[in-house]
Amino acid sequence: MTDAGATPLLVVEDLVAGYGDEVVLEGISLVVEPGEILVVLGSTGSGKSTLLRCIVGLLAPRSGRVLIRGRDINAASDREREGILRDVGLSFQEAALLNSLTTAENVALPIIEHWDVDEATALMLARMRLARVGLAGAGEKMPSELSGGMRKRAGIARAMALEPALLLLDEPSAGLDPITARAIDELILSFKARGNIGIVAVTHELGSINTIADRAIMFAAGRIIAAGTLAQVRDAPDERVQAFFQRRLLPGNQQRTLAEELEWRDGGRSDRRTLGAEE
Amino acid sequence: MSPEPSLLPVPTRLEAEAYRRLRRALRGHARGATVVLDCERLEALDALGAARLLRVIAEARAAGLDVRLAHLGDAVRRTLAEVDPAILDEERPRPRRHPLEVIGTHALDTADAAGAVAALVHDTAAELAVPFGRRGIKWGRTLQQMALAGADAVPIVVGMSFLIGLVLALNGAQQLRQFGATIFIANLVAISMAREMGPLITAILVSGRTGSAIAAEIGTMVISEEIDAMRTMALSPVRFLVVPKVLALMITMPLLTVMSNVAGILGGYAIGVVALDLGSDAYLSQTVQALFISDVLTGLVKSVVFAVLIGLIGTHRGFAVRGGPEAVGRATTSAVVTAIIACILANACFTAFFYVTG
């Protein structure tokens with residue numbers, strides 16, 4: 001956590017946002033400090049991804065403010081916004097790699113644009129970033145040649161290309177096999193271990209939540225219905241929170257508890273201990 | 001006073017024949033009539049039956065009937081609510097929109113679109129004003145685009161223009177032969193190609209070939225969030241995508257137009273020499289005498305304007321894509337049609353202007 005009185009990394013104040021006539025986020029407020037991982041929970045369509053779009057200025061809020069290191073992204077000039085965005089890395093749910101560029105060129109793109117380096121050096125740096133996420137040797141591949149997990153990791157490498165102070169991850173492990181999902185969780189934790197980075201991860205994967213969250217907020221219908229440590233959120237009396245943590249709808253209408261989810265994720269090796277601590 | 005509601009019983013099972021009868025019965029009611037579908041006998045609905053009932057209700061409500069459901073059993077209600085809860089709302093048909101509201105909505109949509117085009121034009125001009133440096137034009141990407149939009153288009157532009165020149169000469173010969181003035185075919189073909197046909201044929205071919213590709217590429221990038229990704233990396237999509245494409249067209253279209261002019265003149269030459277026995281030297285000499293540098297320059301100025309129109313319309317249509325792959329297809333078609341219409345309109349304006357100014 002930061003020193004008292006220091007400017008928080010991210011402040012969202014009373015945010016209201018939506019598309020057309022539809023209000024998707026209503027009265028959202030949150031703070032993220034350097035060195036912590038905030039997990040945003042909620043079911044599909046609850047407004048989690050919209051929150052990320054507002055934070056990076058892709059969607060202008062109807063009211064409220066988004067302050068990144070004290071600077072309001074929506075009130076900034078184009079040049080100021082560029083400076084603000086250099087402090088932010090966003091990994092999209094589907095990675096959103098530029099399909100006309102190789103994986104390394106994708107990661108090198110922001111480096112070439114924002115740092116005073118030549119293209120060859122930027123590509124070298126990009127390969128190092130890719131190696132960091134376990135994609136050494138995949139730099140020359142086109143995005144269409146990568147698997148879903150590799151694309152996500154490449155997206156994270158691109159988001160980390162400029163060593164941002166704030167990393168935003170949209171469903172980083174959704175749709176991945178348990179081993180790859182766990183590898184991505186460990187990657188996120190390794191970023192956190194480096195120190196000053198603040199991470200906001202949007203997810204509804206129970207295994208990831210339990211592994212990476214320092215704090216959590218839970219969305220339902222565009223509002224925050226629970227916030228605090230993971231334990232505090234899990235104990236929130238709201239029945240939607242309870243439903244989220246106790247029951248998880250799976251294909252074939254099978255339902256898993258959190259404990260079963262963790263068993264499923266890695267055979268319960270490490271998480272039994274964590275779960276036991278929580279219980 | 002509201003008319004009496006009419007009661008239509010829904011049969012026990014909504015099989016094909018019963019479904020058709022129910023539709024026919026509903027179609028027999030006038031707009032604004034209230035119809036109560038009595039579901040008392042309807043005990044349970046399978047998926048197909050539910051789909052049929054929902055279709056009937058939606059169709060009738062769209063036709064302006066006030067459709068209500070009576071004696072709906074719990075099981076049937078649950079089945080319908082799972083598919084479309086709104087269908088159970090017994091709302092009256094919405095009144096038709098006032099014509100002023102429709103006009104106002106269209107006006108606002110048009111204003112929004114005009115604003116987006118104006119912003120695109122402004123941003124493109126601003127980026128073009130910085131040719132060099134870290135924030136300057138992406139010349140490497142521009143060269144790639146020049147190869148795609150220019151070099152690759154040479155065969156089709158030259159081939160089509162040659163044929164157009166040929167057709168122009170053949171049609172002109174029929175008329176001019178009556179006056180013993182077939183040599184003036186050279187004037188007809190050369191001036192038509194340089195002032196009008198060359199730039200316009202090139203513009204139409206480039207619209208179909210490159211304008212569509214631009215809209216499809218950018219549209220696909222929009223739906224795969226690549227444009228959003230660029231924005232979050234503080235990279236300007238206008239500088240990376242629009243400027244190289246528009247600039248490449250501005251450079252290559254005048255060159256393609258010159259090639260089109262030459263190919264068209266050669267088409268006329270082929271007819272004049274081979275079919276009309278005009279003599280090679282005589283035809284070429286007549287062509288040189290007929291053409292003024294102003295004719296060629298007029299065509300080149302037009303081609304630059306057409307290039308800007310095709311590039312900006314293609315990119316604008318691409319950025320406006322919302323939805324999925326189908327929207328990309330629509331944007332592509334729209335880009336081609338709009339660009340061709342815009343080029344023909346611009347050509348008409350140019351021709352009128354040059355006619356008035358002499």
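Read-outs: derived from the displayed coordinates by stated rules, not from any lab. Computed from a prediction, not measured in an experiment: that's the story for all the values here. Cβ coordinates were reconstructed from backbone atoms using ideal geometry, including for glycine residues, and neighbour counts include every protein chain displayed.
Structural remarks
- Taken over the range B:225-241, the residue count meeting the criterion of being more than 7 Å from chain A (Cβ to nearest Cβ) and free of Cβ contacts under 8 Å to residues at least 40 places away in the same chain is 1.
- Only one of the numbered conditions (1) polar (S, T, N, Q); (2) in a helix (DSSP H, G or I); (3) over 20 Å from residue A:165 (Cα atoms) is not met by residue A:49, and that is (3).
So that you can scan it fast, the table gives a plain yes or no per residue for (1) touching a Cys at 6+ places or on another chain (Cβ under 9 Å); (2) part of a loop (DSSP other than H, G, I, E, B):
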residue	(1), (2)
A:64	yes, no
A:76	no, yes
A:97	no, yes
A:100	no, yes
A:108	no, no
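- Residues within the range B:70-88 that are in contact with a helix residue (DSSP H, G or I) (Cβ under 7 Å, 6 or more places away or on another chain) and closer than 17 Å to residue B:19 by Cα, tallied: 1
- Checklist (1) at the interface with another protein chain (Cβ under 8 Å from one of its Cβ atoms); (2) over 25 Å from residue A:154 (Cα atoms) applied to residue A:60, failing item: (1)
- Answer residue from the range A:88-112, given it is surrounded by 20 or more Cβ atoms within 10 Å (Cβ to Cβ), in contact with a Lys or Arg (Cβ under 8 Å, 6 or more places away or on another chain) and closer than 17 Å to residue B:228 by Cα and is nearest to the other protein chains (Cβ to nearest Cβ) among those: A:110
- Breaking point among (1) within 22 Å of residue A:15 (Cβ to Cβ); (2) within 13 Å of chain B (Cβ to nearest Cβ); (3) under 21 Å from the mean Cα position of the chain (by Cα), for residue A:72: (2)
- Filtering the range A:91-110 to residues that are in contact with an Asp or Glu (Cβ under 6 Å, 6 or more places away or on another chain) and among the β-branched types (Val, Ile, Thr) leaves only A:102.
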